[in-house]
Structures are given as structure tokens and as C-alpha cells.
1. In terms of solvent-accessible area of protein heavy atoms at a 1.4 angstrom probe, what is the ranking of GLU48, GLU277, GLU35, GLU463, highest value first?
2. Set the bar at 28 Å for Cα to Cα. Now go through LYS321/LYS400; LYS280/LYS485; LYS272/LYS485; LYS238/LYS280; LYS321/LYS488 and name every pair that lies beyond it.
3. Ignoring any ligand, DNA or RNA, what whole percent of the accessible area of region 339-457 comes from carbon and sulfur when the probe is 1.4 angstrom?
4. Which residues' amide hydrogens lie under 5 Å from the amide hydrogen of ARG477, considering only partners 5 or more residues apart or on another chain, with H built in the peptide plane?
5. Quick one: what are the phi-derived ³J(HN,Hα) couplings along region 317-324, Karplus 6.51/-1.76/1.60 with θ = phi - 60°, whole Hz, x for glycine and proline?
6. So, in nm, how far is label VAL361 from label SER476 when the simple model puts each one 7 Å beyond its Cα toward the Cβ?
7. Residues with amide H under 5 Å of GLY252's amide H, sequence separation 5 or more or different chain, H placed in the peptide plane at 1.01 Å from N; which?
8. Provide the solvent-accessible area of LYS44, counting protein heavy atoms only and rolling a 1.4 Å probe, rounded to the nearest 10 Å².
Amino acid sequence: EVQKHSVHTLVFRSLKRTHDMFVADNAKPILLDEESHKVKMAVKLRTEYGSVLHMPTLKENLREKGGPNTGDPYGHKQYPGNQGEELEYMITGTHPYPPGPGVALTADTKVQRMPSESAAQSLAVALPASQSRLDANRTAAGVGDIYRHAGIPERSQPPGVSLLHAMVEAGGNKNSALVAKKAPTMPKPQWHPPWKLYRVISGHLGWVRCIAVEPGNQWFVTGSADRTIKIWDLASGKLKLSLTGHISTVRGVIVSARSPYLFSCGEDKQVKCWDLEYNKVIRHYHGHLSAVYGLDLHPTIDVLVTCSRDSTARIWDVRTKASVHTLSGHTNAVATVKCQAAEPQIITGSHDTTIRLWDLVAGKTRVTLTNHKKSVRAVVLHPRHYTFASGSPDNIKQWKFPDGNFIQNLSGHNAIINTLAVNSDGVLVSGADNGTMHLWDWRTGYNFQRVHAAVQPGSLDSESGIFACVFDQSESRLLTAEADKTIKVYKEDDTATEETHPVSWKPEIIKRKRF
């Protein structure tokens with residue numbers, strides 16, 4: 001029992017001694033925590049930012065005078081050791097710096113390689129004296145630049161030359177995140193020989209309103225305000241035949257590639273089918289309530305499409321003369337219509353400023369394009385590309401099928417554009433009410449030629465106007481129907497070369513407008 005008592009006594013005394021030591025040193029663990037925190041922060045500072053500690057620092061005289069938001073627009077946490085002292089900011093990126101050493105760098109704030117000291121000095125030489133003193137030793141973006149990037153008001157005047165340009169010029173890091181993107185420029189256009197007038201054909205007694213070339217490329221047909229349709233030999237330009245039957249201006253003609261038929265329409269509301277073996281009208285298509293302004297044939301099926309001042313387009317069965325569909329939706333006269341084998345199979349342009357792409361089977365609108373601000377009098381389909389163009393006094397616009405996605409504007413033909421034509425070489429022709437004709441490179445929209453032919457002797461200058469134009473089947477000749485009662489024929493200038501007629505082109509910045 002004596003031994004047990006002595007053991008308990010020894011244990012009690014040792015426990016009491018341990019307790020007394022703990023009570024005497026109860027603040028020691030806190031001090032240890034503070035020391036370990038400082039050590040940890042020093043290690044993290046060295047680990048996270050060791051690669052930039054050797055860089056010069058940009059000092060700003062920022063002093064804590066109040067809460068954490070005073071003098072620090074980001075609300076960064078201030079550590080106890082920094083209160084009342086001069087703060088050092090090490091700016092290495094172009095984005096707001098992380099709130100503290102313990103926060104890892106993100107992809108946006110990675111360290112960028114700065115230009116060398118000699119490069120910075122060479123930059124400073126080109127700056128004004130006062131500015132060079134500020135920027136001579138600068139190798140990182142200023143705090144003002146950082147604030148401006150973040151949308152926060154600057155506290156100091158920004159440098160006259162941005163660091164971004166200095167870094168690029170000094171041979172710094174060519175990281176795509178730093179190099180400013182170049183504005184899109186127009187690619188160099190394809191060279192096209194200029195077109196020259198080589199024949200003027202007279203014979204009509206009124207404005208020549210429409211023109212079409214037959215598939216065999218032997219002759220062409222015109223319709224006029226003198227109410228006649230005339231057929232001309234393409235090679236010689238001589239009149240072969242005159243057809244009478246319309247009682248008002250003939251506004252549209254087209255020759256079928258599937259049958260020996262010629263179709264015409266006019267302001268007398270009539271749509272006629274002519275049999276060219278007998279030179280007689282064999283069918284009438286009745287239904288339009290007002291003047292019929294244009295027509296087109298479907299390339300693969302026996303369907304005729306017409307458009308009218310009654311705000312509709314109509315689809316006709318060529319053989320039965322039945323009106324298959326009435327395409328309603330436009331709110332003003334439909335000035336032009338085109339057909340193609342692919343969807344959308346019908347495209348119309350109207351004086352209501354819209355273009356509509358139609359579903360032929362359903363007889364309903366697929367897409368309505370409202371980009372134009374004035375009447376659309378002309379539409380043309382590219383013979384090889386799945387694209388088309390529309391002409392209006394505000395602009396010529398190019399579009400992609402099938403949804404009518406906008407491609408680009410062709411600006412500069414500031415007149416009422418009555419007609420468009422394009423060939424396989426990418427030459428787009430626009431003819432206007434004032435008699436001017438512009439020729440464009442389809443791909444780039446470059447206007448490589450402007451033509452304003454003289455009116456026929458005896459005509460008034462006010463009778464200078466182009467109502468229709470078309471390329472022949474070989475695409476070597478361009479025919480225009482004009483207000484001076486003539487048909488003008490153009491061909492490429494065989495003597496022209498890239499040296500004699502160079503492309504006057506500069507890589508100008510493209511200013512594309514959606515509307």
C-alpha cells in the first residue's frame with residue numbers, strides 16, 4: 001500500500017508540473033501559429049512568384065487610411081504588416097492582379113515576357129521628354145492601364161504609348177493574346193478585262209424593256225414599250241422577226257430550253273406562250289389582276305413563274321395553263337422573280353423592299369430578307385456558286401442559299417438598279433435607270449469598270465437608261481436593253497492586259513454593314 005501511494009503521488013506531481021508549465025506558456029501556441037503562417041506565406045510567395053521576383057517593381061504611394069476599400073478599388077485584403085507602410089505592386093499581366101500571394105495565377109494573369117531594358121530605352125527615345133522619364137524603366141502595364149481594362153476610373157493619366165505596342169515592337173512575346181487582331185481587309189480581286197461597246201442595234205419604236213438569249217446562242221429576243229416582240233440574229237444584229245399581240249408594254253421575255261416555246265408578259269396583265277415553229281400564240285395564262293412585271297422558267301420541270309404589280313407571284317403549269325400556286329405575302333408590286341432547281345426554288349424581289357425565298361411544293365415563304373431599305377427591282381443567281389445577288393438603290397447585296405445568309409454589300413452604284421447579270425468568270429453587271437453600268441468582281445465586290453454609253457443620236461439625254469442586260473450563252477458578249485430604243489452589245493477588250501489596265505486596288509479595311 002505504501003508503494004501504491006508513492007506511485008500515485010509521483011503521477012500527481014508530474015501532472016501538476018505539466019499543468020503549471022502549460023498555464024505559464026499558454027500564449028506560446030498562438031505565437032507559433034503566427035510564425036508558421038509567416039513562414040508558409042514566404043514559401044508560397046517564393047514558390048508561386050519566384051519567376052518574377054527578380055523583375056523591377058512599380059511603386060505607387062498608396063497608404064491605408066481607412067477600411068479595405070480606401071485607396072484600393074478592388075477591395076483587396078491588406079495584411080497587418082502592410083498597414084501604414086508604402087505598398088509595392090508588381091504588375092505583370094494585362095488583367096487585374098490576384099488578390100494575394102496565396103491565390104494561384106489563372107490563364108488570364110499568367111506572367112508575360114517583358115521587353116528587354118535596351119528595347120524599353122529605345123522606345124523611350126521616341127517619346128516626349130516628360131513621357132520618356134515616366135516610361136524609361138517601365139517593363140509592365142501601369143496600374144492605370146489595369147484599372148482601365150477592368151472598367152474602373154483611372155487615378156492617373158495613361159501613358160501616351162500603350163505597353164502592348166511597345167512589347168510587339170520591341171520583339172516581345174508574340175502571344176496571340178497580346179497581339180492586336182488586324183481588321184479584315186478586302187482580298188486582291190481577280191483581274192477581268194474591261195468590256196467595250198462594239199454594236200448598237202436599232203429597230204424598236206419605244207423603250208426596250210426586256211431581253212433574253214435563246215439556248216442555242218443563235219438569236220436573241222427583246223420586248224418593248226412599242227408592244228412588239230422582236231427576234232434578232234446574234235452574230236449580225238439583224239432583225240429576223242417581229243411578233244405582235246400584246247396591247248401594252250412587253251415587260252418580260254424568256255425562251256424555253258425544254259421546248260420550242262417563247263413566253264412573254266406585259267403591262268396588259270397577259271402572259272403568253274408563243275410557238276416558234278408557227279410564230280403564233282398557243283396559250284394564255286390568265287389570273288393576274290394587274291401588270292405582269294417579270295417571268296422565269298423552272299430549269300427541270302414544266303413550270304412557269306410570273307410576278308406582278310398585284311403583289312403576288314403565280315406558278316403555272318406550262319401544259320395545262322393551270323395556276324398551281326399564288327404566292328402571296330409581298331405588300332407591294334413584285335418586280336422580279338427567279339427559279340432554280342435547288343431549294344429554295346423560287347426567289348422574288350419586291351417594291352416592298354423585301355426578298356422572299358419560297359417553297360415551291362407548299363407555295364409558302366421559307367425566308368423573308370428585310371435588309372434592303374428601298375425597292376428590290378433585280379435579282380440574279382450565280383451560275384456556279386450557291387449564292388445570289390439583289391439590286392436596290394441603297395446597295396447591291398450578296399446572299400447565300402438556302403437560308404439567305406448575308407455575304408457582303410457592293411456599294412457605289414448610287415442609282416435605281418433595274419437589272420443584274422453575272423457570268424461564270426465572276427463578272428457581275430448592274431444596270432441603272434440613269435444609263436450607268438457598273439462591272440464588279442463577284443468574289444471581292446471590287447468595282448473594276450464603270451460605263452455610261454452615249455444615247456442614240458436624236459434621243460434626249462434623259463432617255464439614258466438601262467432596263468435589262470444579259471450575257472449570251474458563250475458569256476463573251478453582253479447585251480443591254482435601253483431607254484433610247486436601242487440594244488447595245490459589249491464584248492471584252494482583247495487588247496487589254498493587266499499591265500495596260502491594272503487593278504487599282506489597295507488592301508483597304510472592309511466596312512461591312514449588316515443593313
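1. Numbers: GLU48 80, GLU277 130, GLU35 105, GLU463 45 Å².
Highest to lowest solvent-accessible surface, that is GLU277, GLU35, GLU48, GLU463.
2. On the way: LYS321/LYS400 33 Å; LYS280/LYS485 25 Å; LYS272/LYS485 23 Å; LYS238/LYS280 21 Å; LYS321/LYS488 35 Å.
Checking Cα-Cα distances, LYS321/LYS400; LYS321/LYS488 exceed 28 Å.
3. On the way: 2000 of 4250 Å².
Exposed carbon and sulfur together represent 47 percent of the surface.
4. ASP472
5. These are the phi-based 3J(HN,Hα) values: 7, 4, 7, 8, 6, 6, 7, 6 Hz.
6. Here the modelled spin labels are 4.3 nm apart.
7. Those lying under 5 Å, H to H, from GLY252 are CYS265.
8. LYS44 exposes around 100 Å² with every protein chain in place.
The values are calculated or read from the model by the stated rules, or taken from the named source; none is laboratory data. Because the structure is predicted, anything quoted here is derived from the model rather than measured. FYI the Cβ positions are ideal-geometry reconstructions off the backbone, even for glycines, and counts take in every protein chain you see. Just the protein is used for accessible areas: all its heavy atoms, side chains included, with ligands, DNA and RNA removed. Shrake-Rupley method; radii C 1.70, N 1.55, O 1.52, S 1.80 Å.
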